[in-house]
Amino acid sequence: MRKALRWLLALTVLIGTLSTAGAATAAEPEATATTDIKEKLLSVPGMSLVEEKPYTGYRFFVLNYTQPVDHRRPSKGTFQQRITVLHKDEARPTVFFTSGYNVSTTPRRSEPTQIVDGNQISMEYRFFTPSRPDPADWTKLDIWQAASDQHRIFKALKPIYDRKWLSTGGSKGGMTATYYERFYPRDMDGVVAYVAPNDVVNKEDSAYDEFFATVGTKECRDRLNGVQREALVRREPMEKRYEAYAADNGYTFNTIGSLDKAYEATVLDYVWGFWQYSLLSDCDTIPADAKNASDDAIWNTLDTIAGFSFYTDQGLEPYTPYFYQAGTQLGAPTIVFPHIEKKYIRYGYLPPRNFVPRSIPMKFQPYVMKDVDSWVRHNARQMLFVYGENDPWGAEPFHLGKKARDSYVFTAPGLNHGANVAGLVPDEKSLATARILQWAGVASSAVQSNPEVAKPLAKFNRKLDKRDIEREPALRP
């Protein structure tokens, strides 16, 4: 492998005549080269300013952009989609980022943005509030509609940012960048997808069971499994504590159905949540002898890693769009628990239908992920996938076939759901960085002749380049 790496190293959618979201969105704004960037952005039809926040060396804008609810029938209504623009220089490349969830209104740089020292456009995924149509027709929440959102934003801003563009995102954002490339392969000049799950066959999840049987060390696995089992053995006293906790915080359980279901779901997320967000070195924080641990110790480790607030109505509501997509197109994992006797498990790993209000219809489409997987295997061009060795979501990754070109799948040793290019082994890190620079059109002659010297063009900024992963529920990527 190292020898091979050393060798490697030498529909524009028309929107009719809508007054706020027309085909004119794709037209070049009438602005001169000396026009202020704020004026240029606001000259785009359908673009409006929410606020501008100062940041040294950049201009940062929070904006609303008018999108059609249905890109196939644009005359049937619009909604306001929130985006942000971290403006560096129109002469620099641009990175199109999405988390696949809400967009942060705090200035942040994705890793590719730091590497190419460029601008960054960030998009809030449709149906995550406030970017939700009203009324919400949930059938319009699918990966093609979301990719079409990105396509229209790109077409609207490309006349302003006319250099190379890369798309990127982590987890569901990495999935989003991949789906965007599948449907609009001519938009981007490169794709950097981090820790993107690829659940091709929703009912086949043995890869996850194999992962949990071997990840980390036996000592660490035994500690985690012991706590998980003990939490179910002590179900009655722990649920009384959960009931008091819910009452104190005003939490309810209508969507999932009962406190009992919520408790078990939290417990069954525990091991997954540890490996998703923690490192092997964090095993020392897990009770070593669960059977003799106090109720406080069991509760605290469960709450820290899995989070007792999540399966409440209040915790689930912000993630309704994700669980809807998981239950209609993306798929969701189902794992087994061989270390826990069946008598202690009442419900097992619940499918996404349990986390979406029953008033929202759902029907799974098994062909959607198969289509994406096949497309990536045979058509990937200038795509980079980065996974973490100890991240459970990487158990079902994207793969490249013989027809893929200038594309790579790398795994960062020992890393979790926060894996990135910086965490790769040296040869792969250099190669990945060099390819990102090349795709963005900013690789120096030195890098082009010797990729081993490739480094990010922008210096690390503690605030802008914060890589901490938010501790979100383990059952979502």
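Odds and ends about this structure:
- Here the alpha carbons of the range 36-167 define both size measures, Rg and Dmax, at 14.2, 42 Å.
- Computed from the Kirkwood radius of its Cα pairs, the Stokes-Einstein diffusion coefficient for the range 201-258 at 20 °C and 1.002 mPa s stands at 148 µm²/s.
- Per-peptide average of other Cβ atoms within 10 Å, ordering 206-216, 81-91 highest first: 81-91, 206-216
- Look at the alpha carbon pairs under 8 Å that are at least 6 residues apart: their mean separation over the length of the range 110-213 gives a relative contact order of 23 percent.
- Straight-line reach from K155: taking Cα to Cα under 16 Å and skipping same-chain neighbours fewer than 8 places apart, the lysines in range are K40, K164.
- The range 378-468: Cα Rg divided by the 2.2 N^0.38 Å rule of thumb: 1.15
- Lys, Arg +1 and Asp, Glu -1 on Cβ, resulting dipole of the range 411-464 about Cα centre, debye, nearest 20: 340
- Quotient of Cα Rg and 2.2 N^0.38 Å for the chain, N being how many residues it contains: 1.00
- Computed [θ] at 222 nm, deg cm²/dmol, the chain (DSSP H ≥ 4; -39,500 (n - 2.57); rounded to nearest 500): -10000 deg cm²/dmol
- Ranking G57, A297, L41 by Cα position along the charge dipole of the chain, where only Lys, Arg, Asp and Glu carry charges on their C-beta atoms, puts L41 farthest toward the positive end.
- Computed packing ranks the peptides 432-439, 51-58 as 432-439, 51-58, most packed first, by mean other Cβ atoms within 10 Å.
- Spatially, the range 219-289 and the range 76-140 are offset by 34 Å when compared through their Cα centroids.
- Local electrostatic count, G441, Cβ distance below 9 Å [Lys/Arg +1, Asp/Glu -1]: +1
- The 1.4 Å probe gives accessible areas that order H71, H399, largest first, as H399, H71.
- Normalised per residue, the accessible area of the chain is 43 Å², obtained with a 1.4 Å probe and no contribution from ligands, DNA or RNA.
- For the chain, with all protein chains in place and a probe radius of 1.4 Å, 50% of the accessible heavy-atom surface sits on carbon or sulfur.
- Normalised contact order of the range 74-154, rounded percent, pairs of Cα under 8 Å and 6 or more residues apart: 36
- Cross-link partners of K402 among lysines, defined as those whose alpha carbon lies under 19 angstrom from its own and excluding same-chain residues fewer than eight positions apart: K370.
- R73 paired with S445, simple spin-label distance in nm, labels 7 Å along Cα-to-beta-carbon: 5.8
- Intensity falloff of the range 213-341 expressed as log10 I(q)/I(0), Debye formula with alpha-carbon point scatterers, at q = 0.14, 0.17, 0.23 Å⁻¹: -0.65, -0.95, -1.44
- The charge dipole of the chain, taken about its Cα centre with unit charges on the Cβ of Lys, Arg, Asp and Glu (plus for the first two, minus for the last two), comes to roughly 1220 debye.
- Cut-off 14 Å between beta-carbons: net charge of the residues surrounding V62, Lys and Arg +1, Asp and Glu -1: +2
- Across the options Y194, N416, P477, the greatest Cα extent toward the positive end of the charge dipole of the chain (unit charges at beta carbon of Lys, Arg, Asp, Glu) belongs to Y194.
- Applying a DSSP loop filter and a limit of 12 other Cβ atoms within 10 Å to the trypsin sites (Lys or Arg not before Pro) in the range 139-239 leaves R186, K203.
The values are calculated or read from the model by the stated rules, or taken from the named source; none is laboratory data. Being a predicted model, the structure only gives us computed values, none of them experimental. As a convention, Cβ positions derive from the backbone with ideal geometry for all residues, glycine included, and neighbour counts pool all protein chains shown. Note: areas computed on protein heavy atoms with side chains; ligands, DNA, RNA excluded. Shrake-Rupley method; radii C 1.70, N 1.55, O 1.52, S 1.80 Å.
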